[in-house]
Protein chains: 6
Amino acid sequence: MKVSARNLIPGKVKKVTIGMVNAEVVIEAAPGVEIVSVITKESVERMGIKEGSEVKAMVKATSVMVVTD
Amino acid sequence: MKVSARNLIPGKVKKVTIGMVNAEVVIEAAPGVEIVSVITKESVERMGIKEGSEVKAMVKATSVMVVTD
Amino acid sequence: MKVSARNLIPGKVKKVTIGMVNAEVVIEAAPGVEIVSVITKESVERMGIKEGSEVKAMVKATSVMVVTD
Amino acid sequence: MKVSARNLIPGKVKKVTIGMVNAEVVIEAAPGVEIVSVITKESVERMGIKEGSEVKAMVKATSVMVVTD
Amino acid sequence: MKVSARNLIPGKVKKVTIGMVNAEVVIEAAPGVEIVSVITKESVERMGIKEGSEVKAMVKATSVMVVTD
Amino acid sequence: MKVSARNLIPGKVKKVTIGMVNAEVVIEAAPGVEIVSVITKESVERMGIKEGSEVKAMVKATSVMVVTD
């Protein structure tokens, strides 16, 4: 399977917070580098995402902004 | 300045491709880890983004998907 | 700090509704002009956003659609 | 027609820049308050958007971030 | 009313799950083809969206990714 | 590979328009039902997307709005 999304960052799930519709998934990409994702609760359950899961964070290039000092 | 966006990943700009409206900015976050951003050409010019610029990639948590094998 | 996002609209927070993962922030940009944002509960707490806070609503240009009659 | 998007800001088109795929539309919402939108060139043509057009900028609440000083 | 968003897919609401801030709306676009939307609870209430409602799912072209095998 | 994105709609590529940064991909999901995607030119080239390609359109649930009459 190939995806047009340009950003795929591997990491390990550190924390999952489940709400009624959405869930917040905190992924540790490198020591001290966390990526936070909000996806539906349903996807967390369907994919079996939990602390320790090996996952990739995926982001479409148009969703990435650039910041400078 | 504080921003609600949960993801801020520092890196160095590796390549900038300018179109008529948008521009693609490739950021090297770590050796071999690239983050690609599409922002307006105007922002690239206003911020003076070019190869070698120290920047941060910023992503709202709702724009992050999760992928597993 | 400079941000590639093209839209920054100042206003005052009128109402905050907190959920388990997300929060809804209603910002009054001008009398009768409200801007509604959904961000994570965590960002609301970290930034201390509450009724009366002076904030800016920030939107990437690609997230803005255009409507005509 | 009713739309779930929570943000609808009226204004007048000030400038349109056409690329090969996308177009940038600058909308003046109030004196000195500009909103920038990137939509497809095709939508600009289909809707007849040009300088002086009365339009509304529309944004989904999840696309709005919050910034504080 | 004309909208720049390029994708408008008609369907019938099959299920609505309400959270504290957001709601998940499952739309049946064709037999076996479901489209899932997360919008604010407030929009669901304001628009009177419920099981059986005739609606359209609307998506901006930049939010659509492409996947191949 | 499993993806958290809730919407995956199969179709056949009908038209590809290439710009300098982005490309527009029109996908026919069913007779008369088109889905339009804007992705980077680079992804179109890397994935070999062209007229006639069998693809899936993928959309995160938070990017889907709901419209009623």
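The values are calculated or read from the model by the stated rules, or taken from the named source; none is laboratory data. All figures in this text were calculated on a predicted structure; none of them were measured in a lab. Here the Cβ positions follow ideal geometry from the backbone for every residue, glycine too, while neighbour counts run over all protein chains shown. These accessible areas exclude ligands, DNA and RNA; they are computed on the full protein's heavy atoms, side chains included. Shrake-Rupley method; radii C 1.70, N 1.55, O 1.52, S 1.80 Å.
Candidates F:Val36, F:Val64: the one that is in contact with a Lys or Arg (Cβ under 6 Å, 6 or more places away or on another chain), without any contact (Cβ under 8 Å) to a residue 60 or more places away in the chain, open to solvent by less than 10 Å² (accessible area, probe 1.4 Å) and closer than 21 Å to D:Glu42 by Cβ is F:Val36.
Apart from one condition, C:Arg6 fits all of (1) open to solvent by 40 Å² or more (accessible area, probe 1.4 Å); (2) farther than 30 Å from B:Glu54 by Cβ; (3) at the interface with another protein chain (Cβ under 7 Å from one of its Cβ atoms); the exception is (2). Which residues, counting only those in segment A:1-40, are more than 12 Å from the chain's Cα centre (by Cα) and part of a strand (DSSP E or B)? Answer for segment A:1-40, where residues must be more than 12 Å from the chain's Cα centre (by Cα) and part of a strand (DSSP E or B): A:Lys2, A:Val3, A:Thr17, A:Ile18, A:Asn22, A:Ala30, A:Val33. For segment A:19-32, enumerate the residues that are at the interface with another protein chain (Cβ under 7 Å from one of its Cβ atoms) and buried (at least 19 other Cβ atoms within 10 Å of the Cβ). Across segment A:19-32, the qualifying residues are A:Gly19, A:Val21, A:Asn22, A:Ala23, A:Glu24, A:Val25.
For E:Ser43, the conditions (1) among the hydroxyl-bearing types (Ser, Thr, Tyr); (2) under 23 Å from E:Met65 (Cα atoms); (3) not in a strand (DSSP E or B) all hold with the exception of (2). Of the residues making up segment C:11-18, none is crowded, with 22+ Cβ neighbours inside 10 Å and out of contact with any Asp or Glu (no Cβ under 7 Å at 6 or more places or on another chain).
Can you tell me which residue within segment D:42-61, out of those that are within 13 Å of the chain's Cα centre (by Cα) and free of Cβ contacts under 8 Å to residues at least 40 places away in the same chain, is farthest from the other protein chains (Cβ to nearest Cβ)? Only one residue tops the list, namely D:Glu51.
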